[in-house]
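Worksheet for the structure shown next.
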Amino acid sequence: MELSTWLLFVSFATISIISPGPAVLLSVTNSLKHGLSKSLFSSLGNITGILVISSAAALGLGTILQTSALLFTFFKFAGALYLIYLGIRQWRSRVNAFTHVPGEAVLQQSHRQSFVQGLLIAVTNPKAVLFFTALFPQFINPDTAFFTQVHILTFTFMSLSLTTLAVYGLGASSARAWFSQGQRVLWFNRISGTIFVSLGLGMLRLRSKAT
């Protein structure tokens, strides 16, 4: 792969990655509610999901999703329902994660749970599979080793994603003191919960070429 092609991919990928989406929102939410380490584990889960998606796209799942209405619908509803579930749980949470409320237990989230959250958000998104299916061919030279180029593009995307999510998580972590005051964390729960639900409902509007 030529350096100019790789740099073009980095530019394109960076623009798409820094745009706030479910993974960014999850990173910020976990950082504010559970701490930076939980945010980092959800980010690691997300890039693991990216690896799975990239592999699936390279093996042709993206094409299958575009031609199989049933499979596409399954992935679409699975991803949408998971986002809506996260949103409802977030919206209903009245626990201030920063200061203990007497008589109300603060639920602690494990690193494993954080990792699984990030992984599920990635792998249940059919739009991501279609994105990789459409993106990779634009930067791959058919005259050279296909899977070597796929590996380069995948690990580049994973590195950029992890860095971006870590920056978002670090920024949110630095704002924990501000959120610890008054009812701000409760409003954050409601706003972020609403966004999660909106993203889930938006996913339900996705259409494949087979429908």
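Restricting the first member to segment 140-155 and to residues that are under 15 Å from E2 (Cβ atoms), and the second to residues that are of a type in the set (V, I, T), the beta-carbon pairs closer than 6 Å and six or more apart or on different chains are Q149/I140. Assess whether I18 counts as being touching a helix residue (DSSP H, G or I) at 6+ places or on another chain (Cβ under 6 Å), surrounded by fewer than 17 Cβ atoms within 10 Å (Cβ to Cβ) and farther than 17 Å from R112 by Cβ. Yes; evaluated as a whole, the condition is true for this residue.
Which residues, counting only those in segment 41-64, are under 12 Å from the mean Cα position of the chain (by Cα), aliphatic (A, V, I, L, M) and open to solvent by 30 Å² or more (accessible area, probe 1.4 Å)? Of everything in segment 41-64, just one residue is under 12 Å from the mean Cα position of the chain (by Cα), aliphatic (A, V, I, L, M) and open to solvent by 30 Å² or more (accessible area, probe 1.4 Å), namely L44.
Of the residues making up segment 89-105, none is open to solvent by 40 Å² or more (accessible area, probe 1.4 Å) and at pLDDT 80 or above.
The values are calculated or read from the model by the stated rules, or taken from the named source; none is laboratory data. Predicted model, so just to flag it, every value in this text is computed and none were measured. Reconstructed Cβ throughout: ideal geometry from the backbone, glycine too, with neighbour counts over all protein chains shown. Surface accessibility is based on the protein's heavy atoms, side chains included, excluding ligands, DNA and RNA. Shrake-Rupley method; radii C 1.70, N 1.55, O 1.52, S 1.80 Å.
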